[in-house]
Structure formats: structure tokens, C-alpha cells
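Shown next, in C-alpha cells, is the structure this report addresses.
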6 protein chains.
Amino acid sequence: MSASELVRGKVPTGVAGLDEMLGGGFPTGHVVLVTGLPGTGKTCLGLQFLLAGCARGEKGVFLSLEEDAPQLLESARQFHWPVDDAVAKGLLKVVRLDPRETRQSLHRVQGELGHELTALGAKRIVVDSVSLLNMLSDDEPSRRATLFALAGACRETGATTVLTAEADPRHPEVSRDGLSEYVADGVVVLGYSTASDGHRVGLSLRILKMRRTAHARTVQPYSIGPSGLLVDAKAIDLGAA
Amino acid sequence: MSASELVRGKVPTGVAGLDEMLGGGFPTGHVVLVTGLPGTGKTCLGLQFLLAGCARGEKGVFLSLEEDAPQLLESARQFHWPVDDAVAKGLLKVVRLDPRETRQSLHRVQGELGHELTALGAKRIVVDSVSLLNMLSDDEPSRRATLFALAGACRETGATTVLTAEADPRHPEVSRDGLSEYVADGVVVLGYSTASDGHRVGLSLRILKMRRTAHARTVQPYSIGPSGLLVDAKAIDLGAA
Amino acid sequence: MSASELVRGKVPTGVAGLDEMLGGGFPTGHVVLVTGLPGTGKTCLGLQFLLAGCARGEKGVFLSLEEDAPQLLESARQFHWPVDDAVAKGLLKVVRLDPRETRQSLHRVQGELGHELTALGAKRIVVDSVSLLNMLSDDEPSRRATLFALAGACRETGATTVLTAEADPRHPEVSRDGLSEYVADGVVVLGYSTASDGHRVGLSLRILKMRRTAHARTVQPYSIGPSGLLVDAKAIDLGAA
Amino acid sequence: MSASELVRGKVPTGVAGLDEMLGGGFPTGHVVLVTGLPGTGKTCLGLQFLLAGCARGEKGVFLSLEEDAPQLLESARQFHWPVDDAVAKGLLKVVRLDPRETRQSLHRVQGELGHELTALGAKRIVVDSVSLLNMLSDDEPSRRATLFALAGACRETGATTVLTAEADPRHPEVSRDGLSEYVADGVVVLGYSTASDGHRVGLSLRILKMRRTAHARTVQPYSIGPSGLLVDAKAIDLGAA
Amino acid sequence: MSASELVRGKVPTGVAGLDEMLGGGFPTGHVVLVTGLPGTGKTCLGLQFLLAGCARGEKGVFLSLEEDAPQLLESARQFHWPVDDAVAKGLLKVVRLDPRETRQSLHRVQGELGHELTALGAKRIVVDSVSLLNMLSDDEPSRRATLFALAGACRETGATTVLTAEADPRHPEVSRDGLSEYVADGVVVLGYSTASDGHRVGLSLRILKMRRTAHARTVQPYSIGPSGLLVDAKAIDLGAA
Amino acid sequence: MSASELVRGKVPTGVAGLDEMLGGGFPTGHVVLVTGLPGTGKTCLGLQFLLAGCARGEKGVFLSLEEDAPQLLESARQFHWPVDDAVAKGLLKVVRLDPRETRQSLHRVQGELGHELTALGAKRIVVDSVSLLNMLSDDEPSRRATLFALAGACRETGATTVLTAEADPRHPEVSRDGLSEYVADGVVVLGYSTASDGHRVGLSLRILKMRRTAHARTVQPYSIGPSGLLVDAKAIDLGAA
């Protein structure tokens, strides 16, 4: 099976080398978990993913639990991404779920959020981060119910979804809550690697899992540069799903 | 005792090299736990196991807690497996247990599921995954009761059963719940190994335990290719049970 | 003190090299814990121990929490052990404690089991496994009470007892419950060792503790072959108790 | 994107080499977490940050949970920093939150503190330490609410904020409470490194995360000398945000 | 300070090399914790300590939580120690605290045990093991109260006391309960060391702490031979308390 | 800043090399935590610190939770320190807080202890150990309140205080309770190091933190000899606070 056979039904991620690793992008309709330690660029990847959609005329929604909308948009402007234009055209919408308003935020996720997302007609959804969402619940069953409700709501809209999650510092390939992996069709891990000079800390990315598609099973270096994340895709070769 | 003596009463797994490691397949009627980290191909192995049965005219049931039926069937189609044909002929049935409907799903597992499975006349059963099943219960005794009920129901039908389970990231040869090993007659571990180039991540498989049969005690590389899992069975030699 | 001085009052284990390590066998009346990870042959060792007794005309009881009697007997038949003959002659009895019948099983262990064992006149007892027995209790005090009751009941019959237990994956020389060591006069650890080819996984055995007898303090390789466990007893030298 | 483009909107930290690593300083309005093991100079960095502001005529507030005001000011005098002058001119204010007055301190953080900070007109805020603040709460939800309230109050004043936190001894790049990272726009880690003589213990610093700005991704040695922290900024090169 | 200056007020332990390490023995009236993994000879050391006293006409009491008196005495007979003679002369008394009679055993330790011990006129006391004693309590405060009561009762009789404790498998120099060290004047650690052939497992001993006396700070090999524990005391040199 | 500039306001510790590492001693009025594993000499250091004060006519108080006064004084006599003389002159007072009288001891620490200490006019205070003090409380908030009350009471007397604490065996540079570091102005860690012969266990000391003073950041060997602790201060060089 050649990688090209599978390219139908792929959503380009906006991250060049990552698309190559995935044989074209995330499979349409997937819920993809992006997990990583602080500073590995999870929020940046989320914005980049949405703006890649906007550039193709696809609507995107950013569910933000960590930052307010103005700060988030300012982050995008740093990369000279046409974020204000996208907002003006109705292609990008930031929905703020304030963790200080615990009850309302939880209620929204478990209730009307699905309808809101469908009404918006989003083709791409980012939730940043499910780790903070999980913190809103005080017990495991409620945490699980919220997460399942959120993933279900996203999936039912037919959009392709990126969930960001903090990595567990003891096992950086696993999310801190240990739950998010269960609702995801794919897992991308952003991590650190020590550079050969023992001084500079490098970034590297790995696709741990991606259902129904061939994907690379390599650890690829990436950088966060003036245009966002960039995966060094040299020597990528694809296996199958 | 030569390995061939034990081949009576074996169920071919559909995974070529794995059958060699097992001296022909899983012993008939066994409950086999397949444990692994995300992306190691547990769901794929489960589908492959059922379709190997369909090809021999054996009925199979896939109890899915992770994915809806359409998505699961789509996964099988990616491998060009005749899954639609199998469903049409009544050889393959996907039973969805939705983790969002906790109470009903638990009730079904502890109640009528045994009768359903028997009525279906399945020779092969897959439960994907017991990790998610365990999450439905909020306390250890209920988790245990559910797991024992499920394994008992499968075993009493006389079918051969594969239970998939997430591995514990701290000890990848142990299931995350630490319980599933107790109900299993066999344990197959799917894991990662670092390739010699330090860059490509390889997959490797090991049979940790398999009651009442000789089996290989080696760590064998495998890949997930266009026809599903394929174990590199070079240099396999069998011990005894 | 020569090893031979202590051979009086020893019960041959049925495992050739292990007997050498013990200077003849388990001391009569001991409660011996056999702990190991899945697939190291704990159940097999238990059956082998009982059948070695049957061969000498000694009655044995197998308290099975993990498997039903037919499956257990089938395991023994795989090794061509005369298990059906032993059952027919009343030398071997399998007592099933079903973990699905939690209350009854616990009640039996804490109540009439001692009388049952005495009435049976067993010289050898195997409990497979105390890990599963411990799971039946929901709190530590009840777990402890059950374990003390079981060990006490076995000890009072005057029989020599083998308790099997799952090893803690973090510390494979310790049982998973961390309690069973306290009721045992001896501890035998079954473990894995990586073979020199880094590919084949070997088995090795160690006597951690054995009261009132000299025993080897070495790590010995063993295999599970057509006649059951076989310890490679080359270079064994005995210390004292 | 050259580093200089981003220098607008930066607040010099008062720590020479750290400013270079950040392309000029902390982004204005950021909440920056400074995490480290005991003795790595967290309080010192906080004081240095405020006094660098005072030198430019910017008001600063030090919320002290660990030390009383006189002791804190004495610490600053040790470095010959003009702390008494700054207090006299109204440029520096120490607010003591006594952990022995748990209820009042918590009440203040969740209540009027925001208004107090705004009224003070502070451009720079230091909270030393959020670890001790977290200890005032007895359960996770209250801990989270307090932390979110504090970070929100600081952020709403428009000031640039430094939160100090004890590092987790098991994972020195993570805060002890595991929560503080969630409210921070940036994370600076102060740590130990063993010197080449195996005897002298060195100090080294790393910027783990800093939103909306390019920053170095290197591990830089630093010392605590007569003028406070000094980062050895040789060989620093900046990536992007 | 020469070691000989401190020999006044020492109780010979009965273990030759250990006495050398201690400059003569345990200080009179000390409560000494002997901690070790299973099979390191803790019970044996306890018996040896008491019989060394009997040989000098000193009364000793063995508080046994692990074994019944007949089994314990049999252990001593294996070493050809004149244990029956000692019992007959009233020099040795075994007091059984049955862990199956939780309430009575706890009651006795917290109540009349002190008077019993004083009435017996014991100069040496062994408690085997405090780990099992701790298991009798279901919560930390009760565990602590029992342990303090026991140590207090022993100390007030003026006798020299040995408490045995299971080592924590994760940190073999610490007792499993993590409490016993707090009531002890001295700590002796019995441990395993891998022999140079990587096959034979050796035993080694270390005095971690011993108040008010000079003691060796070395790791010494020991064996359990026909006369009990024997420490290889070559190259011992004493520091001070 | 030369080390000598800071010598004003220092309290000599009585441990020669440690004073050099601190540029003269502990800063006056500091609360210093001395943490270490069992047998590293914490109690000894505490006594030595107080007797160094007595030699200068400074009153000292030893709050003992671990040992009774007679035993403690006997420990000091072993080092030929003039402890009886100091007690007779009213320069040294041992206050016993018996952990068996939990309620009274806790009540005293949280209540009148501050007045007692002030009335005594102590210039030096030792609390041995806060680990045992922490054990008296059954929950975290009470533990914290007690510790803050104790440290506050000591600090308000103006005396210089040494708190001893058991090290966490998993992270020997951190106290077992993980709280004590928060109330301390300085932390001194006493630890083990393996000697080059792999047999003798050495002792080494490190100043982890010391507010408002320059201190060495090296790991220095020390011994416990006939005059108490002695730090080998060769090659010490001081940084700044």
C-alpha cells in the first residue's frame, strides 16, 4: 500500500514535515491528542492547525482554557499569521472557557457545547488544554464524563479535532491525566532531546498512534521558528496504519 | 514433546509469525490478554484475529468500547480485509458498549452479555479494551466483578477470546489496571524497541504466558504493514508450556 | 553442618534441581511462598509438587482460585503426568474457590476450610494464587485476616504448603500484595533474566528464605520442558539455615 | 524574525544574561514561574527583578509568604541594593501574607488583593512562594481556585509578575504542586549541576517556556555573587516563540 | 578516644564480628533495630542474641509475632544451641503474640506487657517482628502509639532490646513501615550483595547508627553457617559515636 | 564582597569546618534545618552547637522528642563535653516532649512554648527532631500549623535555631515530611558517600541554602570523631548569598 493511496480524506496540519509523516495530514474527523511538556509548542501547533484551515476557507474554533482571546491572538500575530483577518471573516472563533468559572465551564462542555460547535460549522477544532479541563472536575468519574462528552461533541460535528495535553513529567509520552489517550484516534508527542553539545536542548516529535492511516514511526527533530513549528522531515518513511 | 503434538486444539491467530511462536495459534477456549502502549496495534490485532476466523467460516464478535462500529469497520477496510462481506454473511458482528452510557454498559456486561454471546454462536470474541471497561467502574470491587463477569461469560461460550489492554507506562509488560492478567490464560505483550539508528522506533512482541501449550520465550520484531501485523519469526524456537 | 544432616524431615518438591538447592526438599510442615511474574510457571510448579507426592502415595489438595478444575487437570495432562489416575485413587483433589463468588469463597477460607483440609488428610497443599485470594477482600485488615486464616489452617493440618503469588512488577522479588511473605516459612522467587543474545528471555530461580534448613543462595537457571520445571543445578553449594 | 523585532514590550529582568536569553526581558504583562530546589536563589531573583524596576522608576510589590519584611529587606541590603531608598520613595512595597494566619491570607488572595495591587500601581509583582500559598489550602479545588485567583489578579493589573515555586525533588523541572505551570505564561527553571571536579555544585538555568517571544533553549550556568544572580550568557542563540 | 574506653556498658551480641564492629556489643539498655529483606537472618540474629545472654546467665524474652514457640525453638536447635536447656532453666521465655488475635495482641502491647517484662527480669528482649506488629493496627496513629508503647516498655525494663523489621524493597536500608527507626537507638541493616560471579548472592551487614558508642562505618560480609550469623570482621576500624 | 564582610552577626556552630563554609557560622536569628539519614550525626551536631554556645556563656535549650534527658546528656558525656557543668550553671536545659503524650506535647508547641523559650533567655535552640514532631499530628494542616508555630516561636525569641529532620530515603537532600524546608532560613544536608574502596561508607555535608550570607557550594567530607563532628574544610571557597 503506497502512502498516496491513503491521502484521500486527510486534513493538512499546517506543519509541513508533520504532514509528510502522516502521508498528507490528520485523517478527517479524527480526534488527535497532542501531548508535551511545557514549552514544546502545543498551543502554537493548535493555532497553526486552525490557520492552515482558514487559508483554505475552513472554519475553525479554538476552545481556550489557558489563555484569554486577546493574548491568544497576540501569540498568532507574533508569527505574522493573518489571525485578525480570519476573525474578521468569521473563519476563526476563540471560545474562552474560564477555569475560574468552574461550574459554568463544566456545564457548557457537558451541555450545549456540541450544538454551539455544530452551529458554527467548524471543520477544525482545538481544545487547549484538556489537562486544565480535567482539573475543573474534582473526581475521576466526573473527569471522565467531561472528557468523553467533549470528545463526543467534537467528533459528532464531523470536524477534525486537536486536543492538547500536558505530558506526565515521569513518562513524557503519556498525558498527565492518563485519560486523554482513551478518547483519541491519534497521539502526537512533543518532547525534549538533549543536543549533542549537552547544552542546547532540542525538540523532537513522534506520532505514537494514528488510526486508519499509514504514518511514520520515527522520532523527528522540529523547531519553533518565525513561521511556527517546522518538522525536519528528512529520512521519513511511512509504514501502514 | 514436539511442538506439533500440541497443535490439536489451536486457533490460528491470523498473524503468521505469532502462530509459529504459539505452535499453531491460541489454544481453543483461552482468554488471551493482548497488552501494549498506544499505537502498538492492539485493535488491529483484534480485527485480524476475527477476520482470520471469518475466512474459515467461524463467527466472531467484536465488543467495542473505544470506537463506534463504522469507524472500526473503516479501519478493517484500510487493510483491504473483506469486512463488509463478513458482516453481510453474519460472520462478524460489532457490539458497541458506549463508555458514555456507563450504567447500561456495565449492566450489560454483568448481565445478559453471556446469553447474547452464546446466542450469536461466536467462536472468536474480541473485547477492545478492558482498560476502558475498567474505567466505567468507580471502585476496585466493582471493577473486579465486571472483569470476572466478562471473562467468565466469554469463557463459558467456548469461544477463544482476545482482551486488549493498555500497558502501564511505568512497566510496559503489565496492564494499566493490573487486574486483567488475573483472568487471562495467556498474555501477549506488544511493545516498542529503539532501532539501532536511535531514530526509528521499532515494534516487538513477546508471549509472556500461555497456559497448556508450548510457546516461544523470545522477543520478536513485528511490523504493521498493508495486511496488518506481521511477526518476523526468524529464529523462533519453542519451549514447552 | 553437612547438608545431609538436615535431610530428615524434607518433602521432595518434584523439581529435581530445586531439591538439591534445598538439601532434599521443603522442610515438612513449611508454608512456602512461590512468587513470580506471569508465565514463570507458578501453577506448573504447584501441580508438579502435588504429583510428586501422589507418586509416593501422599494425598494432595489444590485450592484453585485462578482456574476451574477441568482446565487445571488438562494442564497436568500436557506434561503426561498421571493426574486422572491420581484423582481416581483419591490422591489428588482440586478445590475450586471461584473469585466470582466472593462472599462464599472468603467465608470458606476463614471458616470450615481448616476442617475440610484435615478431613482430607492431605500431606501437600497448593493455593493458586494468594494474589487472587487477596483481591477478594476490599480492605487491608480483611485481606490480612484472610491470609493469616488460610496459612494457619494449612499449617495446622501438618501438611507442607505451597502458596503461589504474583510478583510486584516494580520489585520482582516481592509479592504483589506485600503481605504473603509474612505468613511464609520460605520464599522461592521465579524470575526472568535476559539471555546473552538479548533476544531470548531466560528463566531463573532463587531461594530467598527457607527457615530451619540449609539452602543454596544462588540464582539458578531453569526451564519449563516436557516434564515440567527443571532447575539447572550445576555448581550449587549449600550454606546453612 | 530577528530577536530585536521582539524587544518591544519587554521588561528587563535585572539579571544580565537572562535578558539576553529572553531577547530583552520578560514580555510585559506575563506571569512567569521561577521554579527551583532550595538554595537556587529564587527569592534573590525576585528581589533583583523588583529593584531593577525601581531603578527605572517602576513600582514593585513583593508578596511574601516565606519571610517577614525586615528579613527580606535585610537580604536585599546584603547585595548593597538600595532597598531602603526604594521603600522610602514608595517604589517598593513588601506585603506579608503570614502562613500562620491561614484564613486571613487565603481570604485576601481570593478577595481584595486585586484591588490592592491595582491601587498600588505596581508594574512588577513578585509572589514568594506559590508553594507556600498552595499549602494554605487543604484540598485540591481550593488550591486551584486560590492559584487562579492570584494569577488572575496579578494579570489584570497589567503588571509583569514573577511567581516562585519549589521544584519537585523527583522532577526538578516541575513545580512541587504541579499546578503552577498552568497559570504561567513562562517558566524559568533554576537547578543544580555537578561541576567537573565532582565536588563543587554548580547552578544552571533554563527557560522552559515563554509565550509570545523568541527565547534561548539552552542550559546556562549562573552564579549568585555580590550583585545577585548572574547568568553566564556565552554562546546564547535565540530561537523563536 | 580508643574503642576500648567505650567497652564498659556493652552487651555482647553473640555475633563475633558484629561485636568487633561495635567495640564490644550493643550499648546496655539500647533499643536496636535490625532491618533486612526476607532471608537475611533477622530471626536467627535475634535467637543468637538471646542465647548469648543465656550463656552468661542473663534472662531473655522472645516476643514472637511471626512463628509459634515450637517452630522457633526448632530453629534454634538446628544450630545446636542449648535452647531447651535455657527454657528449662527459666533463662529463655518465648511469648507468642498471635497476629490472628489482633485485638488481644495490641491490647497486651499497649497495656500489661511492660509489667510482664519487668516481672520476668529479662536482660535481653527480642521482638520479631515490628513489621508484623505494625500490621495489626489499621491506621497510622494507632501504629505509632503501639510502637512507642512497645519501645517504651522495653526501655523501661532496663533490658537491651532487638527489634527486627522487614526492609522496604525499594530502599533496603529503611524499614518497611518507615517508623521503627524513630524509636531505635541503633540500626543494623542486613542486606544482599551480588557476588563477583554474578550468580551467588552474598550477605552483608552495616551499622547505620548506634548512639553513644563508636562503631564501624563499613559494609561487612557475613554468612549464616552452622553456628548462626558470622560477620567477616577483617579490616574493621572504628570511628566514634 | 569578601567573606569577612559578612562575619558580623554570625553564630559559630561549634563545628570547625562548617564555620569556614559559612564564613563564620549560622547568621544570628536563623532557623536552620539539618537534614540527614539515620546515623549521620544530627543529634550530635545539635548538642555540639549548644555546647559551643555554653562555652561562650550563651544559654541553650534542647527540645528533645527522640530521647529522654539522661540519655541525651550521656551522649554528650561520651564526647567529654562539659554537659553536667553547663546544666548546673543553668546554661543548658533539656526540655523533653514525649511523643507518647501526643496531645500535651502538641498543645505545648502550639501554646506556651514561645513564652517558655523567651523566659529561659536562650540564645540557641535545638529541636530534635521535627520529623517526630510532625508524626504527632494526624493530618497535614495540623502538621503545618504545628511546624509554623514552632518555627515562629523560636524565631521570635531572637535565638538561633537548629531543627533536625530525617531525610527522605528516596531523595536524601529533602526532609521526610517535605515541609520543614519551608520554615527554614538555611538547610544543611548530612549524607552518605561511598568511599573509593567500595566498602567503607563516608559522610559528607553540603549547605543547600543559607539566606543572607555567602556560603560554600561544595560537598565536604566530615567525620564523627572523639570531639564530635569535624568537617574537612580543605579547598573551601565561598560564593555569596
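The values are calculated or read from the model by the stated rules, or taken from the named source; none is laboratory data. Just so we're clear, the structure is a prediction, and the values are computed from it rather than from any experiment. All Cβ positions, even for glycine, are placed from backbone atoms using ideal geometry, and neighbour counts span all protein chains on display. For accessibility, only protein heavy atoms count, side chains too; no ligands or nucleic acids. Shrake-Rupley method; radii C 1.70, N 1.55, O 1.52, S 1.80 Å.
Overview of results
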| item | result |
| --- | --- |
| Single unsatisfied condition, D:T164 versus (1) away from chain F (no Cβ under 14 Å); (2) within 21 Å of D:A216 (Cα to Cα); (3) β-branched (V, I, T) | (1) |
| Number of the condition not met by C:V95 [criteria: (1) β-branched (V, I, T); (2) touching a helix residue (DSSP H, G or I) at 6+ places or on another chain (Cβ under 7 Å); (3) over 26 Å from E:G36 (Cβ atoms)] | (2) |
| Residue tally, condition farther than 13 Å from F:L47 by Cα, open to solvent by less than 70 Å² (accessible area, probe 1.4 Å) and part of a loop (DSSP other than H, G, I, E, B), over segment F:66-116 | 7 |
| Checklist (1) at pLDDT 95 or above; (2) within 13 Å of another protein chain (Cβ to nearest Cβ); (3) not in a loop (DSSP other than H, G, I, E, B) applied to A:E5, failing item | (1) |
| Index of the failed condition, E:E112 passing every other in (1) modelled with pLDDT under 95; (2) within 13 Å of another protein chain (Cβ to nearest Cβ) | (2) |
| Filter result (open to solvent by 10 Å² or more (accessible area, probe 1.4 Å) and away from chain F (no Cβ under 13 Å)) within segment E:11-35 | E:V11, E:P12, E:G14, E:A16, E:D19, E:E20, E:G24 |
| Residues satisfying the stated conditions in segment C:217-232, i.e. open to solvent by less than 20 Å² (accessible area, probe 1.4 Å) and over 19 Å from C:V174 (Cα atoms) | C:Y222, C:I224, C:G225, C:G228, C:L229, C:V231 |
| Identity of the residue in segment D:36-56, away from chain F (no Cβ under 14 Å) and not in a helix (DSSP H, G or I), that ends up surrounded by the most Cβ atoms within 10 Å (Cβ to Cβ) | D:A55 |
| Filtered residue count, segment F:167-192, keeping only those that are more than 17 Å from F:T43 (Cα to Cα), open to solvent by 20 Å² or more (accessible area, probe 1.4 Å) and out of contact with any Leu (no Cβ under 9 Å at 6 or more places or on another chain) | 2 |
| Selection status of B:L72, touching a strand residue (DSSP E or B) at 6+ places or on another chain (Cβ under 8 Å) and away from chain A (no Cβ under 14 Å) | no |
| Scan of segment D:193-203 for residues that are small (G, A, S), assigned to a loop (DSSP other than H, G, I, E, B) and either within 11 Å of chain F (Cβ to nearest Cβ) or crowded, with 23+ Cβ neighbours inside 10 Å (or both), ordered by number | D:A195, D:G198 |
| Segment C:153-198: number of residues that are closer than 24 Å to C:K10 by Cβ and among the basic types (K, R) | 1 |
| Residue satisfying condition, being more than 25 Å from C:G53 (Cα to Cα), within 14 Å of chain E (Cβ to nearest Cβ) and basic (K, R), within set C:R144, C:R100 | C:R144 |
| Condition check for A:L136: closer than 22 Å to D:E140 by Cβ and either within 12 Å of chain D (Cβ to nearest Cβ) or free of Cβ contacts under 8 Å to residues at least 24 places away in the same chain (or both) | yes |
| Selection from segment F:204-219 of residues that are within 8 Å of another protein chain (Cβ to nearest Cβ) and in contact (Cβ under 8 Å) with a residue 60 or more places away in the chain | F:I207, F:M210, F:R211, F:R212, F:T213, F:T218 |
